[in-house]
Structure formats: C-alpha cells, structure tokens
Protein chains: 2
Amino acid sequence: MTNDILPRSVQRLIDEFSRLPGIGPKTASRLTFFLLRAANEQSAELSEAVRLLKSSTRLCSNCFNITEIDPCPTCSDDARDDTLLCVVEEPLDVVAIERSRVYLGRYHVLHGVISPVEGVGPDDLKIAELIQRIENGDFIEVILATNATLEGDSTALYLQRRLMPYEVKMTRLARGLPVGGDLEYTDEVTLGRAMEGRQELI
Amino acid sequence: MTNDILPRSVQRLIDEFSRLPGIGPKTASRLTFFLLRAANEQSAELSEAVRLLKSSTRLCSNCFNITEIDPCPTCSDDARDDTLLCVVEEPLDVVAIERSRVYLGRYHVLHGVISPVEGVGPDDLKIAELIQRIENGDFIEVILATNATLEGDSTALYLQRRLMPYEVKMTRLARGLPVGGDLEYTDEVTLGRAMEGRQELI
C-alpha cells in the first residue's frame, strides 16, 4: 500500500505487523483495522503487553529458558530430578514437553541448532554452558531432544561427540507414528523409523 | 497453554495476540517468541505503533474515513469531483478503490452494513450523515459501493429507497468476471451476472 492513501499512524502499524513472521501486508492491514474498530482498551493492553515482554523477561542463568525470575521456577524447583537433563533447541520446546507431563527432570535450552547454511556454529549456542553444567552436576542421563530435522539430528550428533568424555547416558526422543496417526498417511521415512524401533508386546 | 509453564509477561502477550482475528494460540505464541528473540527495538516500535494508532487517528467529520487531520485529505482536496459520491462499508474499501486510480470523486464510509443477524440496523451506520451530505451537497451520482454480498446488496437496496426523494442518479459496481479470470473457474452466479451485464463491442 502506498503511504499517501492511509494515515501515517495506520500505515506505521501495518508496517510493524508486516515485520512479524507469517504476517503479510493483507493480514497486517486486517489486524490494524480490527484494532481501529476495537475498544481503546484492547490496543492499550496489546501495546503494554508488547512493551513489557522484553523488559520483564530474561534468560535463566542456569538453563537459559525465558523467565521473569533468575534462576527460573523449573531450575529452583526442588521436586525435580537432578540426574535427568533434557536439551532442547528453543523455549517453546520446554513448553511442549512440560505439557506432555511425563518429564520431571531439568532442562537446558540451546537457543538454536548448528546450521552452516545460516552461519550458526556451536559457539553461537549455549553449548559451553551445557558442558559446564554436566561437569558440575550429577546428571546420569542427557536427553538430546533437538527436533527430528536434519539440523536437529546433526546438532545431537555434535553434542554426543562433545559429551562423550563425561560419563552420562545420552538418548534421543523416539521416532514413530504420531499417536492417532494413520499408517496410510505416514511418510515412508517415519514409517521406516517406526518399523526399526518396533517394540515387543509383553 | 497453562499459565504456570510460561512466564506471566510471555503468557500475557500470547493472550493479547490471540484476541486478534485469525490469530490462534499457536500463531500467538510463535509471534511472541519471535519478538523475544528479535531486537529490543522491534518490540519497542511495535508497542509504540499500537499505542499511537488510536490516539492519533479519528473519523473525518465529513466522510467518516479514518484520518489524522479533520477534515481528511480526501475531503479537503479541491481537485476532486464534488458531484460524485462513493458510499462504502469500511475505510479499507476506500484504500482499495483509491488503488484502482479510476475514481476521483468523494467518499462516504458507512462503518458497516445492515445486518439483522448481528443486530446492526440503519441507525448504527452513518446513514443519517449520508442523507445530510446529499441534501446539502451538489452530488449528481451516488455510487452504492457496498460489497457484493447479501448484506451489501440489502444495504444498497435500503439506501436506494432512502435516497429516492433526492434527485441523484444511483449506481452499483458492475458484477462480472474478475480481470484475468477463467470462465471455467468462475462460479455460476458470477457468470450469470457477467452474461446479463454483457457489453456491446464498438
């Protein structure tokens, strides 16, 4: 949209919304005009929530998850298992695992994956900090829970080599059919992994 | 997402984004975590743009389009034709028509359509103000450019009846094949209207 048709402050918000991932100019103007029609309160609250997001959050100095208090609630929770460490790519992965309610150990957030294409090397991730935690901690098992993607797999492989000197068991999340998934609609790679990882019925 | 997994300020922004149309909880958390990783500057600018949106815009007291100055630039533009009035549902419709660059008359924004289902009657729209403008103005033609929907059509019909006493020509936008459109993929109603409205080649 050209700048002279719309008022400057309207165009400005459309431009800001368009900078967000997955939001094109059409969606951005739909959102902006929605806010124009909505109660003043709603845009005030959105503005405030965006403003406070950064100022009231930081990274936990121990696990590097996003938190309002340092160390984060998960790290300072005494009820959690100190011998289990789950290494993930992003803070949202912690949320996903927590929602599954089957894991009660500690976390470590790498903040990315090794990706030569995007110029991300091991030093750009929280890997040195991970090694330090394993050196100083009582971990028995480290779950390398990076994504089931090419980059996630290579990062896990890299971590496996780096952590070899420490006496910890290293594991990856199982690959297989998603629960509720149809065999017919499962891609052949996943199906192959499900076949290889088949489990005996007892 | 449950509140105890995520920091409060993160959850708060996810909730605010989720209140926007077409943004579900998944998209809302993707946007929030994107902002967490982006430069501080970007969230500061977004917050400010949202905050200023309402405070620096108002409705033009003449045409009811959204504007920063009253009367709006379109109403105060002397080069525009004072005998032509285009009535639209929303401010975004003005943007769409302006982009087509074929119309150089005045506008009137109704801010909605008559919709008994949603409890919107004629008094909820800027219809009294439209009639006043037509009474006081020099309009020769009024283009009822509401959407080509059931509600848009009935609102146009209602306006046509209300404006009958005034000596103005009333028109609707043409229906037909979209430019670049395939006959094969055009729905039968549009094709029927295109057939009825066929034009002689000269």
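Kindly provide the set of residues from the range B:151-165 that are more than 16 Å from the chain's Cα centre (by Cα) and open to solvent by 60 Å² or more (accessible area, probe 1.4 Å), ordered by number. Even if it seems obvious, please write down each step before you answer.
Just the residues of the range B:151-165 that are more than 16 Å from the chain's Cα centre (by Cα), to begin with: B:154, B:157-165.
Answer for the range B:151-165, where residues must be more than 16 Å from the chain's Cα centre (by Cα) and open to solvent by 60 Å² or more (accessible area, probe 1.4 Å): B:Leu157, B:Tyr158, B:Gln160, B:Arg161, B:Arg162, B:Met164, B:Pro165.
With the requirement that a residue be farther than 18 Å from B:Glu98 by Cβ and of a type in the set (Lys, Arg), what does the range A:13-30 give you?
A:Arg19
Name, by its number, the condition in (1) open to solvent by 20 Å² or more (accessible area, probe 1.4 Å); (2) farther than 30 Å from A:Ala156 by Cβ that does not hold for A:Val102.
(2)
Hey, could you check the range B:119-150 for residues that are assigned to a loop (DSSP other than H, G, I, E, B), within 20 Å of B:Asp81 (Cβ to Cβ) and of a type outside the set (A, V, I, L, M, F, W, C) and say which is most open to solvent (accessible area, probe 1.4 Å)? If you could, list the steps in order and put the result at the bottom.
Initially, the range B:119-150 is screened for residues assigned to a loop (DSSP other than H, G, I, E, B), giving B:119, B:121, B:125-126, B:137-140, B:145-149.
Narrowing further to those that are within 20 Å of B:Asp81 (Cβ to Cβ): B:137-140, B:145.
Filter once more, so that each one left must be of a type outside the set (A, V, I, L, M, F, W, C): B:137-138.
Numbers: B:Gly137: 31, B:Asp138: 115 Å².
Top of the filtered list is B:Asp138.
The values are calculated or read from the model by the stated rules, or taken from the named source; none is laboratory data. Computed from a predicted structure; not experimentally measured. Every residue, glycine among them, receives a Cβ derived from its backbone with ideal geometry; neighbour counts consider all protein chains shown. For accessibility, only protein heavy atoms count, side chains too; no ligands or nucleic acids. Shrake-Rupley method; radii C 1.70, N 1.55, O 1.52, S 1.80 Å.
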